[in-house]
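The values are calculated or read from the model by the stated rules, or taken from the named source; none is laboratory data. In this text the structure is predicted, and so the values were computed from the model without any measurement. Don't worry about glycine lacking a Cβ; one is built from the backbone with ideal geometry, like all the others, and counts go over all protein chains shown.
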Amino acid sequence: MTLTFQNIKKQFAEIATIHAHSFEHAWSETVLKDMFCNPQYSGTLVLQNNQVIGFIICTTVLDEAEIISIAISTEQRGKAFAAQLLNYEVKRLQNLSIKKLHLEVNQSNIAAIKLYQTTGFSQIAVRKNYYKLASGNRTNALIFSLNI
């Protein structure tokens, strides 16, 4: 089982499928294509045996970046692939002279919070009632940052 990493170029259908299984408000293939028309967006795919099993999407401005989304396919979760992908992306961003990496995460996403803390991110703020849930209720976003 070999993992490989590659820049996101055209695999938007695969990304959209993984995103739809990972988040309440899924991004369509068209939305993803439109994102990547903007040079501020970049990202990395993780592949296993040449099959896309996950992705990370970032935006960059000057020497800072923000993780917009990260997800691993449902079948491949719990195998530390997200940690490997995140570590790969941090190194990629370092090579682009990025100094600080930010992200926001739903406070109920315990697995993601654990991943970010293990990777060295620190919580720096809370956005109250940021996410709207399918039930109509709202929940907080936790803001994390990493000096790289």
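Given THR17, THR4, THR74, which one is within 25 Å of ALA111 (Cα to Cα) and either of a type in the set (Gly, Ala, Ser) or surrounded by 14 or more Cβ atoms within 10 Å (Cβ to Cβ) (or both)? It is THR17. Condition test on VAL61, is it over 17 Å from GLU24 (Cα atoms), loosely packed, with under 13 Cβ neighbours inside 10 Å, more than 9 Å from the chain's Cα centre (by Cα) and not aromatic (Phe, Trp, Tyr)? When the stated conditions are applied, VAL61 passes them. For segment 36-51, a residue qualifies if it is crowded, with 16+ Cβ neighbours inside 10 Å and more than 16 Å from GLU89 (Cβ to Cβ), and exactly one does: GLN48. The set of residues from segment 38-69 being without any contact (Cβ under 8 Å) to a residue 24 or more places away in the chain and either among the hydrophobic types (A, V, I, L, M, F, W, C) or assigned to a strand (DSSP E or B) (or both) comprises GLN51, THR59, VAL61, LEU62. Would you mind stating whether ALA71 is hydrophobic (A, V, I, L, M, F, W, C) and touching a His at 6+ places or on another chain (Cβ under 8 Å)? Against the criterion (hydrophobic (A, V, I, L, M, F, W, C) and touching a His at 6+ places or on another chain (Cβ under 8 Å)), ALA71 qualifies. Comparison of LEU86, LEU32 shows that the only residue that is crowded, with 17+ Cβ neighbours inside 10 Å and over 23 Å from GLN117 (Cα atoms) is LEU32. For segment 9-22, the criterion of being basic (Lys, Arg) and at pLDDT 95 or above is met by none of the residues. When LYS79, LYS91, LYS99 are screened for being charged (D, E, K, R) and touching an Asp or Glu at 6+ places or on another chain (Cβ under 7 Å), only LYS99 passes. Checked against (1) of a type in the set (A, V, I, L, M); (2) loosely packed, with under 15 Cβ neighbours inside 10 Å; (3) out of contact with any strand residue (DSSP E or B) (no Cβ under 9 Å at 6 or more places or on another chain), ILE124 passes all but a single condition, namely (3).
With respect to the stated conditions, GLU24 fails to be within 16 Å of LYS91 (Cα to Cα), among the acidic types (Asp, Glu), surrounded by fewer than 17 Cβ atoms within 10 Å (Cβ to Cβ) and touching a Leu at 6+ places or on another chain (Cβ under 9 Å).
Can you confirm whether LEU103 is buried (at least 18 other Cβ atoms within 10 Å of the Cβ), part of a strand (DSSP E or B), in contact with a Lys or Arg (Cβ under 8 Å, 6 or more places away or on another chain) and not basic (Lys, Arg)? So LEU103 does not fit the description; no.
The set of residues from segment 17-37 being in a loop (DSSP other than H, G, I, E, B) and polar (S, T, N, Q) comprises SER22, SER28.
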